[in-house]
Amino acid sequence: MAGAWEPCALGPLEVRFDGASLPIGGTRQRAAPATLLLSPGRPVPVGPLIDNVWGGREPASALNTLQSYVSRLRTALARPGDTGGSAPRLLGGPSGYRLVVRDEQLDHRRAEQLLDAARAVLAADEPAAARASARESLALWRGPALGELQRLPAFQWEAARLDEVRLGAEQLVAEADFALGRTEEAVARLRRLTSGQPLWEQPQALLMRALYRTGRQAEALALYQRTRRRLVDELGIEPGAELAGVHRAVLRQDPLLGRV
């Protein structure tokens, strides 16, 4: 039976074959396959690859060194156990390279697809299915996206974007829990989420609703005041329409606020 390939970006960058991590080098060496994994199927010229690896401070030997990194990746992908030909294929030469890989083999693509599916079924009033799909998305994560590559300027934006996928899945699980009446579980998850993202208004609004539903009106109002102060002090803005609307609803003890 053909081995299973898993190029993994949701945590330290890895390329796995049958569950085992393949040797693709240290941080700098991993920058080249990371660039290709984040642009699957698209050709990446040599220039951007060199920029991503060395951040504009490439040595005179950069091209030869890059070619050795690519050769190492090709060697890693040439596994004798892959009788089904399912390995990602590295194509190209001196002008650039292209990694041919199926979407279902990429953990970050699967995580995004599962989150999209969870949002769709939650909008269709199927919170149990939404919760299952979002939790499946979260299960793919092994740590911050791209691991140590987050320190390299070339990967900071994409790593932040992927980490937002994880945060979105966390929030969606909490929304599903709230809709399913699992309010204390929603509160616990939202506390963890908002402690790391205190300026993210949507989960703060959902946490206020969950606190109100469980009879903690004063705590919900205190949460709003803390969040508003941080938004004003750190960003110079007032709370948006959703958070401000929940605040007003809590103040007037709107009975609809605590309902699913």
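The conditions of being under 27 Å from the mean Cα position of the chain (by Cα), more than 20 Å from GLN150 (Cα to Cα) and in a helix (DSSP H, G or I) are not met by ALA32.
Scanning region 166-190 for residues that are within 27 Å of LEU146 (Cβ to Cβ), out of contact with any Pro (no Cβ under 9 Å at 6 or more places or on another chain) and surrounded by fewer than 22 Cβ atoms within 10 Å (Cβ to Cβ) yields a total of 1. Against the condition surrounded by 12 or more Cβ atoms within 10 Å (Cβ to Cβ), of a type outside the set (A, V, I, L, M) and modelled with pLDDT under 85, how does GLY85 come out, does it pass? No: the conditions fail for GLY85.
The number of residues in region 140-163 that are more than 20 Å from VAL53 (Cα to Cα), in a loop (DSSP other than H, G, I, E, B) and in contact with a helix residue (DSSP H, G or I) (Cβ under 9 Å, 6 or more places away or on another chain) comes to 3. When LEU199 is tested against (1) among the hydrophobic types (A, V, I, L, M, F, W, C); (2) assigned to a helix (DSSP H, G or I); (3) surrounded by fewer than 16 Cβ atoms within 10 Å (Cβ to Cβ), exactly one condition is not met: (2). When you scan region 62-75, do you find a residue that is in contact with a helix residue (DSSP H, G or I) (Cβ under 7 Å, 6 or more places away or on another chain) and either part of a strand (DSSP E or B) or surrounded by fewer than 13 Cβ atoms within 10 Å (Cβ to Cβ) (or both), even just one? No - not one qualifying residue is present in region 62-75. Among ARG16, ARG42, which is at pLDDT below 85 and of a type in the set (Lys, Arg)? Matching residue, one of ARG16, ARG42: ARG16.
For PRO12, the conditions (1) free of Cβ contacts under 8 Å to residues at least 60 places away in the same chain; (2) farther than 15 Å from VAL101 by Cβ; (3) not aromatic (Phe, Trp, Tyr) all hold with the exception of (1). Checked against (1) more than 21 Å from the chain's Cα centre (by Cα); (2) more than 19 Å from SER137 (Cα to Cα); (3) part of a helix (DSSP H, G or I); (4) not aromatic (Phe, Trp, Tyr), GLU185 passes all but condition (2).
Regarding SER95, is this residue in contact with a strand residue (DSSP E or B) (Cβ under 6 Å, 6 or more places away or on another chain), farther than 21 Å from LEU149 by Cβ, of a type in the set (Ser, Thr, Tyr) and modelled with pLDDT under 85?
No; evaluated as a whole, the condition is false for this residue.
Going by the conditions given, is GLU201 in contact with a helix residue (DSSP H, G or I) (Cβ under 9 Å, 6 or more places away or on another chain), in contact (Cβ under 8 Å) with a residue 40 or more places away in the chain and either of a type outside the set (A, V, I, L, M, F, W, C) or on the phi > 0 side of the Ramachandran plot (or both)? When the stated conditions are applied, GLU201 passes them.
Inspect region 229-248 for any residue being touching a strand residue (DSSP E or B) at 6+ places or on another chain (Cβ under 8 Å) and outside the structural domain of VAL53 (by TED's automatic domain parsing) and give the result as yes or no. Talk me through it step by step, then tell me what you get.
In the first step, residues of region 229-248 are kept if they are touching a strand residue (DSSP E or B) at 6+ places or on another chain (Cβ under 8 Å); the result is none.
No: region 229-248 contains no residue that is touching a strand residue (DSSP E or B) at 6+ places or on another chain (Cβ under 8 Å) and outside the structural domain of VAL53 (by TED's automatic domain parsing).
The values are calculated or read from the model by the stated rules, or taken from the named source; none is laboratory data. Bear in mind that the values here come from a model prediction, so they are computed numbers and not experimental data. Virtual Cβ from ideal backbone geometry, glycine too; neighbours counted across all protein chains shown.
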